[in-house]
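Below: the structure, in structure tokens.
Nothing in this text is a laboratory measurement; each read-out follows from the coordinates by a stated rule. Owing to the predicted nature of the structure, the values given are computational and were not obtained by experimental measurement. Glycine also receives a Cβ, built like all others from the backbone with ideal geometry; neighbour counts cover every protein chain displayed.
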Amino acid sequence: MSENNKLMVTFDKFKSELAGLAQYVDDARKGIDDIESAFQMSSEKFPEASGQLSMVSGDLENAANNIMELIENLVDENDKSKALVDELSALAQKLPEEDAKTAGGLTEKLDAVNTSMKTIMMDMFANTSFHDLSGQKLKKVISTLGTVEAKILEMACNVGVTTSELAPSDEKPSYADGKSEMHGQGDVDKILNDLMQKNLS
Amino acid sequence: MLDQNMKILVVDDFSTMRRIIKNILKELGYTNVDEADDGSTGLEKLKGGNFDFVVTDWNMPNMPGIDLLKAIRSDGDLKKLPVLMVTAEAAKENIVEAVEAGVSNYIVKPFTAAALKERIDLIIEKYK
């Protein structure tokens, strides 16, 4: 085999490897698309990383806000409970001495429970910062992925890899009104029902 | 005036983080709290806003927390303002940079309400 031929074989192998790598990144990105709740990319080209990031971050923000709202409600209820305990304590003072002592002990215990619950609620609050932390980590991951994608595409273009050389991904079955994207529990239920009916028939 | 009535500015680009910090501050008895979503907005609010205390994130668009801290320390009217940094940046070089820039204390996310209270109490004690 001449030097030229050897070079061509090596180049073809490199090109094939590069096409495989580009396909791998595209498939990985489609995998990320699948776990997004309300967003589906056009999958023929590498999609915009920033779009995915903002959607995932948005989902996290909604989740964090929903949890915080629930905790805020719990804190309000806890405050009401605390006020009731204070009223009970005041009433207990008016009881005969022995009963006042017993009732006072019980309200003290109730007060301690309230305080402990409040501390737990505040820690739950602090833990909802997962949104902020996950968002920052996501930014770094997507930024790195974006750079890798751009480099691979640039290399693929430079060595003449065409989109036809990227193996087509397996088509996913379409269930919801002819679209493959899913938007919520309603769609999931519809798919489950469809599948269950098919299995029964 | 560093007490329960002090006016606090919370600076963070994530609304959820601002909400978390405000709620914890409220539970600690600090109810006079305003917020800003980045360093430059924060700095504008601080100028003439009669704030007594700043809680700021590090990573933010436009002006990061470390630049806000440096701007505060180089401003004649604001330079003595206590600044508590609440950040995910836990690398030693970040902490060193913040200390060199004049940070009053530093909390790494995620943090607990008790940790926030402890740092605020330490700052108040230092500024008495």
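Relative contact order of the range B:52-128, please, whole-number percent, based on alpha carbon pairs below 8 angstrom and at least 6 residues apart. The value is 29 percent.
Proximity of backbone amide H atoms, modeled 1.01 Å from N, is registered between residue B:53 and B:7, B:9 at under 5 Å, excluding neighbours fewer than 5 places apart on the same chain. As a proxy for reagent exposure, ranking A:2, A:134, A:143 by other Cβ atoms within 10 Å from fewest up yields A:2, A:143, A:134.
Counting other Cβ atoms within 10 Å as a rough exposure proxy, the listed residues A:148, A:56 run A:148, A:56 from fewest neighbours to most. Straight-line cross-link reach from residue A:118 at under 20 Å between alpha-carbon atoms covers these lysines, not counting any fewer than eight positions away in the same chain: A:80, A:82, A:109, B:22, B:26, B:117.
In order along the range A:8-21, the phi-based Karplus estimate (6.51 cos²θ - 1.76 cosθ + 1.60, θ = phi - 60°) of 3J(HN,Hα) comes to 5, 5, 4, 4, 4, 5, 4, 5, 5, 4, 5, 4, x, 5 Hz; Gly and Pro are listed as x. Structure note, pairs A:151/B:70; B:79/B:128; B:7/B:80; B:7/B:70: Cα-Cα distances above 26 angstrom occur for A:151/B:70.
Scanning residues 5 or more positions from residue B:60 or on other chains, those with amide H under 5 Å from its amide H are B:65, with H placed 1.01 Å from N in the peptide plane. Going from the fewest other Cβ atoms within 10 Å to the most, the residues A:24, B:106, B:30, B:127 appear in the order A:24, B:127, B:106, B:30. Applying a DSSP loop filter and a limit of 15 other Cβ atoms within 10 Å to the GluC sites (Glu not before Pro) in the range A:52-142 leaves nothing.
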